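Have a look at the structure below before the remarks.
FYI, it's all coordinate maths here, none of it is from the lab. A quick note: this is a predicted structure, and the numbers were derived from the prediction, not measured. Methodologically, a virtual Cβ is constructed for each residue, glycine included, from the backbone with ideal geometry; neighbour enumeration extends over all protein chains shown.
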Amino acid sequence: MPAEAGAELPNFPFKDAGHQRESALFGMWIFLATEVLFFGGMFMAYIVYRYLHGQAFQEAGAHQEWYLGFLNTAVLLTSGFTMALAVDFARQGQRNWLLVLFGVTWLLGAAFLGIEGYEYYDKFVQHLVPGTGFRFTGSDPSASEMFFVLYFTMTGLHMFHMFVGLMLILLFGGWSWVSPSFLLKPNRFEVLGLYWAFVDIVWVFLYPLFYLVHPR
Amino acid sequence: MTQTPEMHFIPRENYLNQGKTLVSWLFTHDHKRIALLYLISITFFFLIGSIAAVLMRIELTNPHGEFFTSTTYNKLFTLHGVIMVWFFLIPSIPNVLGNFLLPIMIGARDMAFPRLNLLSWYVFMFGGLFALASIILGGVDTGWTFYTPYSSTYSNGWVIAMAVGIFINGFSSIFTGLNFIVTVHKLRAPGMTWFRLPLFVWTLYSTSLIFVLATPVLAITLTLVALERGFGVGIFDPRIGGDPLLFQHLFWFYSHPAVYIMILPAMGVISELIAAFSRKPIFGYDFIVYASLGIAFLGFLVWGHHMFVSGQSIYAGMIFSLLSFFVAVPSAIKVFNWTATLYKGHISFEAPLLYALSFIALFTIGGMTGLMLASLAVDVHVTQTYFIVAHFHYIMVGGAVMAYLGGIHYWFPKISGRMYPENLARWAAVILFVGFNLAFFPQFILGYMGMPRRYHVYPEEFQFLNIVSTCGLPLLGLGYFLPLCYLGWSALFGRIAGPNPWDAPGLEWQIPSPPPSENFPCIPVVTRRPYDYGTNPDTHEPEETEEESHAR
């Protein structure tokens, strides 16, 4: 292998673009593994408390608007579809399609946050926010409060991840709008796509845990 | 070691003189420079943690607790624990020696993600700022374990600031671990197969798996504590049916593997040192590799042994006890393999080997007492006593810090291009060994007699041994202070080392010292297994070639 000035090479410290792409994706998968463990701590808490306070959790779950959760699932999964298309267009270097699909994904993500925000507001009105204002009638109101603690913490952290994703879409979208050469490394978009898919999948687990607990 | 008469020189262009401004250091992507940034930062944090330890030992010389109030004492041991665990021990070997050596050892020009590497240092420092702020503003008195409900409800300290600091620090660990894993998978030089990796790389790889899989659990756990403290209601709150024990489970799910984050890289360093100074290939390379991975794996299954007296199910306790015993197997494999490597080796007692031998002795004591603690009945007797304190200091100081210093000495010629004063270094190693034992061995006896940890007022019959323990302190301090002085001096004025002062076969010794910015002008091609120390043939069987095994 010839001696060459390393750091000036576009793919440093990798051999070529393909090598860099597989390394970047591999790194992202490892990051997603840490994210699984990060959410895993809370899912563990949910499992333990659901086991300890099953009845109270069902009663609390009855106060959840299932159709809002359903709507949000639909919105988010659709955004996952548009994101996957966007990544594919980025790979083909079709900047206009990429920007359109990023726009659609961004709007769907924002809609998700809006619906979730409305739900938070609704909980506030119904005195279902844990803390001093919490009012609940049921077999074990304090254990039902735990349900809402979990609801706000887990969906809150999920929304934080959504927010980060929306910021990244803005950043990547803006960057490719300003300088088309940003598309020369499509692995950036693939990594973002993986992140977005992960956030989708977390919601797929949150939806049944918080909206479908109450038997109808 | 063999002193070749040839003249050595510092290469005109090396990583140290490529840019001399502060900005060139703060924005560097060079893994070697980032390692030095880490070196300076963790030495600073080590100093802070040590001051707290000194104050505690002075307080303990008399049984009535005359210098500090109980709250101040609580804050001191919390500070000591938090700073030493997260801001010194965990980053020590991986982020300084690992960062410097990992790419060189596998024949790469840098880490897979150089900018992420720099980011991890900034994240580390940012977390450190939060921790320091919480100390300056008034400190935290929960102990480094942050047990709920005390930390979430009753403590008056700056728990949230400290938790945020550790949370941020955790991401530095995650980034480092991620970077190491991808680097080892993707950037090995041609011919550098998995079983040609130096053992230090294997232990860094195992450590990285723990970084990546355990640290996020700590992050979420501390987030939950901080949220509970901030909002006055939360997941560990018993008032609404929460279980404070769940905190302990989640905390130790991280913090027990974290112990292996500290000791595994140390074991890797020791493997390098033992082979280099007995001039033999390491005995049972494959077994040491599997032992490293085994320790990383088993480490995830033993967290419950911190909770034997917490009221967890007795059956859980029995299983955790058994699994904890299993950890002794890979650990013992390593110790036996090191001693077998020494056997009939051409041993030369340079300072790094003295540190390595100290490691083996102290780690064995720490490990054996660990077995005592893994047995349910003994553990109930000594839980929350100085026996525990002595045990984990034997592992973490006697183990991890000894290996860290040994590694710093061994690779010092590579890092700085110059030699340290050998005789002074030998004395420093011996002083540290004596001082450490004087300080910590009495604590085993104290603990077994029943002196509880985390109290500064104690019955008078414990005073003698406490004074003995404090007497170890000046020696221990000297043992740390000497290397700080002479290494600092030799980095500027020491004898020029040349590329390979130890006549070692590792890739890092085949390039100039200090190395050039991108390590290798040409990526090397590796054709041999590591530790090829050309030993004389009658003590070392030549490796069977493939044709020979086919012929058989």
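What's the Kirkwood radius of region B:348-438 in Å, using all Cα pairs?
14.2 Å
Quote to one decimal, in nm, the extra length available between residue B:484 and residue B:449 on full extension: 0.36 nm per residue of separation minus the C-alpha distance between them.
This chain segment gains 8.9 nm when fully extended.
When only C-alpha pairs under 8 Å and at least 6 residues apart count, what is the relative contact order of chain A, in percent?
Relative contact order comes out at 33 percent.
Using a/c under 1.5 as the rounded threshold, could you call region A:17-211 rounded, prolate or oblate? The axes a ≥ b ≥ c are square roots of the C-alpha gyration tensor eigenvalues, and prolate needs a/b larger than b/c, oblate otherwise.
prolate
Each label point is 7 Å from the Cα along the Cα-to-Cβ direction; what then is the distance between the points at residue B:423 and residue A:115, in nm?
7.9 nm
Pick out, in residue order, every one of the trypsin sites (Lys or Arg not before Pro) in region B:449-535 that is DSSP loop and has at most 12 other C-beta atoms within 10 Å; say none if there are none.
Filter output for region B:449-535: B:528.
Averaged across orientations, what area in nm² does the convex hull of the alpha carbons in region B:331-378 project?
Computed as one quarter of the Cα hull surface, the answer is 3.6 nm².
Only Lys, Arg, Asp and Glu count, each charged at its Cβ (+1, +1, -1, -1), so figure out the dipole size of the protein assembly as shown about its Cα centre, rounded to 20 debye.
Taking the Cα centre of the protein assembly as shown as origin, the dipole is about 820 debye.
Amide H of residue B:418: which non-local residues (sequence gap of 5 or more, or other chain) have their own amide H closer than 5 Å, using H built in the peptide plane?
Amide H to amide H, under 5 Å and 5 or more residues apart or across chains, residue B:418 pairs with B:497.
Considering the options B:327, B:423, B:295, tell which one lies farthest towards the positive end of the dipole of chain B, charges being +1 on Lys and Arg and -1 on Asp and Glu at the Cβ, about the Cα centre.
The residue sitting farthest along the positive end of the dipole is B:423.
Measure nothing but the geometry: give the 0 to 90° angle between the long axis through the Cα atoms of B:31-59 and the longest principal axis through the Cα atoms of chain B, rounded to 10°.
Once rounded, the angle reads 40 degrees.
How big is the dipole moment of chain B about its Cα centre under a simple scheme where the beta carbon of each Lys and Arg is +1, that of each Asp and Glu is -1, and everything else is neutral? Debye, nearest 20, please.
The calculated dipole for chain B is roughly 780 debye.
So, in nm, how far is label residue B:24 from label residue B:503 when the simple model puts each one 7 Å beyond its Cα toward the Cβ?
Placing both labels 7 Å beyond Cα along the Cβ direction yields 3.6 nm.
For a 22 Å ceiling on Cα separation, which of these pairs sit above it: A:15/B:20; B:20/B:186; A:15/A:185; B:186/B:334; B:280/B:334?
Violating the 22 Å Cα-Cα cut-off are A:15/B:20; B:20/B:186; B:186/B:334.
Roughly how tilted is helix B:351-374, in degrees to the nearest 10 and between 0 and 90, from the longest Cα axis of chain B?
It works out to around 40 degrees.
Computed over the Cα atoms of region B:30-530, what is the ratio Rg over Rh, Rh following Kirkwood?
Radius of gyration over Kirkwood radius for region B:30-530 works out to 0.96.
Using C-alpha positions alone, give me the convex hull volume of region B:120-277 per residue in cubic angstrom.
129 Å³
Ratio to report: Rg/Rh of region B:203-334, with Cα atoms as the point set and Rh obtained by the Kirkwood method; give two decimals.
Dividing the radius of gyration by the Kirkwood radius yields 1.10.
Consider all pairwise Cα distances in region B:227-297 and report the whole-number % of them above 16 Å.
The share of Cα pairs beyond 16 Å in region B:227-297 comes to 65 percent.
Jot down the per residue volume, in cubic angstrom and as a whole number, of the convex hull over the alpha-carbon atoms of region A:61-155.
92 Å³
Given a Förster distance of 45 Å, report the FRET efficiency between residue B:496 and residue A:22 from their Cβ-Cβ distance, rounded to the nearest 0.05.
Efficiency, rounded to the nearest 0.05: 0.60.
Below 8 Å between Cα atoms, with a sequence gap of 6+, how large is the relative contact order for region B:120-197 in percent?
So the answer I get is 41 percent.
Answer with one residue from A:195, A:161, A:213: the one whose Cα lies farthest towards the positive end of the charge dipole of region A:103-216, charges on Cβ with Lys, Arg +1 and Asp, Glu -1.
Positive-end residue among those listed: A:195.
Count neighbours as other Cβ atoms within 10 Å of each site's Cβ, and list the trypsin sites (Lys or Arg not before Pro) in region A:30-139 that are DSSP loop with at most 10 such neighbours.
A:135
What's the longest piece of chain B with no exposed GluC sites (Glu not before Pro), counting a site as exposed if DSSP puts it in a loop and it has at most 15 other beta carbons within 10 Å?
B:67-542
Using only alpha carbons, build the gyration tensor for the protein assembly as shown and give me the equivalent ellipsoid semi-axes, biggest first, whole Å.
Values for the protein assembly as shown, descending: 44, 37, 23 Å.
Taking the dipole about the Cα centre of region B:30-530, with the C-beta of Lys and Arg at +1 and of Asp and Glu at -1, give me whichever of B:221, B:133, B:87 is farthest to the positive side.
Working it through, the farthest residue towards the positive pole turns out to be B:87.
For residue B:310 and residue A:164, what does the FRET efficiency come to when R0 = 30 Å and r is the distance between their Cβ atoms, rounded to the nearest 0.05?
0.25
Please determine, in degrees from 0 to 90 and to the nearest 10, the orientation of helix B:285-298 with respect to the longest principal axis defined by the Cα atoms of chain B, where the helix direction is its Cα long axis.
On a 0 to 90 degree scale, this one is about 20.
Dipole magnitude of chain A about its Cα centre, charges +1 at Lys/Arg Cβ and -1 at Asp/Glu Cβ only, in debye to the nearest 20?
Charge dipole of chain A: 180 debye, to the nearest 20.
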